[in-house]
1. Looking at the range 246-258, is at least one residue assigned to a helix (DSSP H, G or I) and either modelled with pLDDT under 95 or not basic (Lys, Arg) (or both)?
2. Under 7 Å between Cβ atoms, at least 6 apart or on separate chains: pull out the pairs that start in the range 364-383 with a residue that is in contact (Cβ under 8 Å) with a residue 12 or more places away in the chain and end on any residue that is among the acidic types (Asp, Glu).
3. Which residues, taken from the range 291-329, are closer than 17 Å to ARG216 by Cβ and either outside any helix (DSSP H, G or I) or touching a strand residue (DSSP E or B) at 6+ places or on another chain (Cβ under 6 Å) (or both)?
4. Among the residues in the range 261-269, are any at pLDDT below 95, in contact with a strand residue (DSSP E or B) (Cβ under 7 Å, 6 or more places away or on another chain) and under 22 Å from ALA367 (Cβ atoms)?
5. Among the residues of the range 332-352, how many are of a type in the set (Val, Ile, Thr) and in a loop (DSSP other than H, G, I, E, B)?
6. Can you tell me which residue within the range 265-292, out of those that are of a type in the set (S, T, N, Q) and more than 27 Å from ALA212 (Cβ to Cβ), is surrounded by the most Cβ atoms within 10 Å (Cβ to Cβ)?
7. So, of the residues in the range 243-262 that are surrounded by fewer than 16 Cβ atoms within 10 Å (Cβ to Cβ) and touching a residue at least 24 places away in the same chain (Cβ under 8 Å), which turns out to be nearest to the chain's Cα centre (by Cα)?
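The values are calculated or read from the model by the stated rules, or taken from the named source; none is laboratory data. All of these numbers come straight from a predicted model, not from anything done at the bench. For neighbour counting, all protein chains shown are included, and Cβ atoms are generated from backbone atoms with ideal geometry for every residue, glycine included.
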Amino acid sequence: MWMNAELERQVELLFQELADKPPAQRERALNERCAPTPELRERVQRQQALHNSSCDPGLRTPVFGRETPATAQSLPLPRYVGPYEILKLLGEGGMGMVYLAEQKQPIRRRVALKVIKLGMDTQAVMARFEAERDRRNQRRALTEEELLRLLKVARMRPLAEYGREISRKDADSKRSRRSRATWKREPLTIDNLDEAVGRARKAMKDNPDLIAHLERTGQERALMYKMLVLTGLRKGELASLTAGQLDFVGSVAHVTLNPADEKNRQGSSIPLRADLAVELSAWLDERLGDLRAECRRRRQPIPALLPASTPLFHVPSGLTRIFDRDLAAAGISKRDERNRVVDVHALRATFGTHLCAAGVPLRTAQAAMRHSKPELTANIYTDPKLLDVAGAIAALPALTLPPKNAESPIEVAS
């Protein structure tokens, strides 16, 4: 059984390695690699024949339901794939092609799309592809202490950037002190953040409007992070929210997603914690005040309410880069010792992990995460490192043994 599994693995690896080589090079490689194992050569040739018979001999694998010519570079790129616009071909390998694509709604971002060739989409290959994707996308949940540091940095860093200390790179340099090559700005940390904000306020004391703008940017960013952590929203879903989708009336405040903006296309209603609802309501009141002030300045009618189509947040296109800088300033590693990554989507994993750590039943956590399967909630979006395993063990019943020198009564038959 082991020999069969090992042979299948060698066949798959060799087939993928030789798939794009010219026939002459493929034949030479087969002669060199398969000389000790004729069966390996036969199996690779058989799989190559099956692959060639899956499409016309003069054509390569169909891509997106279209037949492609002998090289992917000569194929006019497909215009769109779902919500993504194809920009260019990044590369082609034995398993498929990788394209650079751009998504414009509800958030603007660029991604790499990998398309597996027909004939390569066997169950074994797809299982390995999914396993690699899961390992690559495994996120680490943040602790409560890390979240507090992250929110503080997010709120203060926009203003603190203008108060970073300047130090000389080389004290013995003969260049002018004004030369950019002789000085650098010290990085922001959680320890020097307050001092940097103080220096920024002092340096920009004659520009209160800029200070107010930077403070508002930090307030908005911290509120975005907090909403991602306390609702489990995805970044694109957060970017799609408008003022009209929030409802603070009733016993439980909630936000309703548009079906087109949600991954499962269901239009879910997501409850909001009471403290988060208060902050969001205050945020919308501030936005309404800004709108009224702008209307007065332009001598336009003063609105009574914020238009329902007003975006809840201005989610920047570079949020991923901003988040990474906030992590660095908060002293949070991008990857941990398990190679789990911390990114914007890790806030969703943090939401799921803290639900589980709080003792929420799996079925309830699954509903809160809006997952189709409980396995996804338990295995992918729950970080076992933050679970209280020691506390769970301590809750087991105590099995007390009798003292070592205690003697059991012995009955003696008469």
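1. Going through the range 246-258, the residues assigned to a helix (DSSP H, G or I) turn out to be none.
There is no residue in the range 246-258 that is assigned to a helix (DSSP H, G or I) and either modelled with pLDDT under 95 or not basic (Lys, Arg) (or both).
2. ILE380/ASP134
3. LEU306, THR310, PRO311, LEU312, PHE313, HIS314, VAL315, PRO316
4. Step one: filter the range 261-269 for residues at pLDDT below 95, giving 261-269.
Next, only the ones that are in contact with a strand residue (DSSP E or B) (Cβ under 7 Å, 6 or more places away or on another chain) stay: 267, 269.
Within this subset, residues satisfying the condition of being under 22 Å from ALA367 (Cβ atoms) are 267, 269.
Yes, the range 261-269 contains a residue that is at pLDDT below 95, in contact with a strand residue (DSSP E or B) (Cβ under 7 Å, 6 or more places away or on another chain) and under 22 Å from ALA367 (Cβ atoms).
5. Counting residues in the range 332-352 that are of a type in the set (Val, Ile, Thr) and in a loop (DSSP other than H, G, I, E, B) gives 3.
6. In the first step, residues of the range 265-292 are kept if they are of a type in the set (S, T, N, Q); the result is 266, 268-269, 281.
Still in the list and also more than 27 Å from ALA212 (Cβ to Cβ): 266, 268-269.
Values: GLN266: 10, SER268: 17, SER269: 12.
Here the residue is SER268.
7. Going through the range 243-262, the residues surrounded by fewer than 16 Cβ atoms within 10 Å (Cβ to Cβ) turn out to be 244, 247-252, 256, 258-260.
From what is left, the residues that are touching a residue at least 24 places away in the same chain (Cβ under 8 Å) are 244, 248.
Details: GLY244: 27, PHE248: 29 Å.
The residue in question is GLY244.
For every residue, the table says whether it meets (1) part of a helix (DSSP H, G or I); (2) modelled with pLDDT of 95 or more; (3) over 30 Å from ASP290 (Cα atoms); (4) touching a Leu at 6+ places or on another chain (Cβ under 9 Å).
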| position | (1), (2), (3), (4) |
| --- | --- |
| LYS174 | no, no, yes, no |
| LYS184 | no, no, yes, no |
| PRO187 | no, no, yes, no |
| LYS205 | no, no, no, no |
| GLU220 | yes, yes, no, no |
